[in-house]
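Just below is one structure, and these are the notes that go with it.
The values are calculated or read from the model by the stated rules, or taken from the named source; none is laboratory data. Predicted model only: the values in this text are computed from it and were never measured. Don't worry about glycine lacking a Cβ; one is built from the backbone with ideal geometry, like all the others, and counts go over all protein chains shown. Surface accessibility is based on the protein's heavy atoms, side chains included, excluding ligands, DNA and RNA. Shrake-Rupley method; radii C 1.70, N 1.55, O 1.52, S 1.80 Å.
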Amino acid sequence: GAVVSQHPSRVICKSGTSVKIECRSLDFQATTMFWYRQFPKQSLMLMATSNEGSKATYEQGVEKDKFLINHASLTLSTLTVTSAHPEDSSFYICSARETVYTEAFFGQGTRLTVV
Amino acid sequence: RKEVEQDPGPFNVPEGATVAFNCTYSNSASQSFFWYRQDCRKEPKLLMSVYSSGNEDGRFTAQLNRASQYISLLIRDSKLSDSATYLCVVSLNNFNKFYFGSGTKLNVKP
């Protein structure tokens, strides 16, 4: 079946540095990718929706200058957490779908710890 | 108000039991409904879509009640492997945004 690969699975970074997370669709072309954040014992919160070749649409309360999303190709989207702070520590998950009518598949998630 | 609300549980049941989860959604324009399963520290995986007429997949039955704006998931003959968190997911009519409930944790005990 379709697979979405997310990398890295875990990252620890120092406060003030930037971290890039990659999300790849391995056997389909993802016209749309979604980025979520999940804090412990909470639901997945949609951060932004990105369509290939266009700017991402951010949810209310998500800073677009802090969470840079690039969807330059049909198989790759990246999320860069800039100037990370300890409160950015969370589980970040991407999902991708081929069309609006097809299932969205999830990446394995990235556990970010900012120290 | 949250878009999707679920009882967080946990539901602790013995093997072989039948267990049901409900989920309510706030936006009456919601068109698509799903149940996802998430194991600890793993990504969510689609368990089943929920259709207006209700649908069944083996031991799992999903129902939709549009008038009351809730969906349900029934698991019969629970297995140890059913232990997980079950996420209720709702999408508006353009499939563009998926709203997740906080999940209901199920523990199936021997």
Among the lysines, select those whose C-alpha is under 18 Å from the C-alpha of B:LYS105, and discard any that sit fewer than 8 residues away in the same chain. A:LYS41, B:LYS42, B:LYS45, B:LYS79
Please give me the summed charge of the neighbours of A:ALA72: other residues whose Cβ is under 15 Å from its Cβ, Lys and Arg +1, Asp and Glu -1. +1
Two-site label geometry, A:ALA72 and B:SER32: point separation in nm, points 7 Å out along Cα→Cβ: 2.9
Among A:THR78, A:THR57, A:THR99, which one shows the highest mean-square fluctuation when chain A is modelled as a Gaussian network with alpha-carbon springs under 10 Å? A:THR99
With the other protein chains left in place, how much accessible area per residue, in square angstrom, belongs to region A:1-40 at a 1.4 angstrom probe? 53
What is the set of long-range amide H partners of A:ALA104 at a cut-off below 5 Å, with H atoms built 1.01 Å from backbone N? none
If I take R0 = 22 Å and measure r between the Cβ atoms of A:LYS64 and A:GLN42 in this structure, what FRET efficiency does the formula 1/(1 + (r/R0)^6) give, to the nearest 0.05? 0.50
Simple spin-label model, 7 Å along Cα-to-Cβ: A:SER54 to A:THR17 in nm? 3.6
Could you tell me the calculated FRET efficiency between A:GLU87 and B:SER81, based on Cβ-Cβ distance and R0 = 41 angstrom, to the nearest 0.05? 0.70
Ordered by number, the GluC sites (Glu not before Pro) in region A:32-110 that occupy a DSSP loop and have at most 11 other Cβ atoms within 10 Å are A:GLU63
Backbone HN-Hα couplings from phi across region A:76-86 [Karplus 6.51/-1.76/1.60, Hz, Gly and Pro as x]: 9, 10, 10, 10, 10, 8, 8, 6, 5, 10, x
On alpha carbon coordinates alone, what is the Rg over Rh value for the protein assembly as shown, Rh being the Kirkwood radius? 0.98
Karplus couplings for region B:20-37 from phi (6.51 cos²θ - 1.76 cosθ + 1.60, θ = phi - 60°), rounded to Hz, Gly and Pro as x? 10, 10, 10, 8, 10, 10, 9, 9, 5, 7, 4, 10, 10, 9, 9, 10, 10, 10
With a sphere of radius 12 Å drawn around the Cβ of A:SER9, what net charge do the other residues whose Cβ falls strictly inside it have (Lys, Arg +1; Asp, Glu -1)? +2
I'd like the interface area for chains A and B: accessible area of each alone minus the complex, both sides summed, 1.4 Å probe, protein heavy atoms only. What is it in Å² to the nearest 100? 1500
Check the straight Cα-Cα distances from A:LYS64 and name the lysines below 19 Å, setting aside those fewer than 8 residues away within the same chain. A:LYS20, A:LYS55, B:LYS97
Along the charge dipole of the protein assembly as shown, Cβ charges K/R +1 and D/E -1, which of A:CYS13, A:PHE39, B:VAL50 sits furthest on the positive end? A:CYS13
Determine the dipole magnitude for region A:14-115: charges of +1 sit on the beta-carbon of Lys and Arg, -1 on that of Asp and Glu, nothing else is charged, the reference point is the Cα centre, and the result goes in debye to the nearest 20. 260
Could you sort A:HIS71, A:HIS7, A:HIS85 by their accessible area in this structure, using a 1.4 Å probe and putting the largest first? A:HIS7, A:HIS85, A:HIS71
Output ³J(HN,Hα) for region B:39-52: one whole-Hz value per residue in order, computed from phi by the Karplus curve 6.51 cos²θ - 1.76 cosθ + 1.60 with θ = phi - 60°, and x for Gly and Pro. 7, 3, 6, 10, 7, x, 10, 5, 8, 6, 7, 10, 9, 4
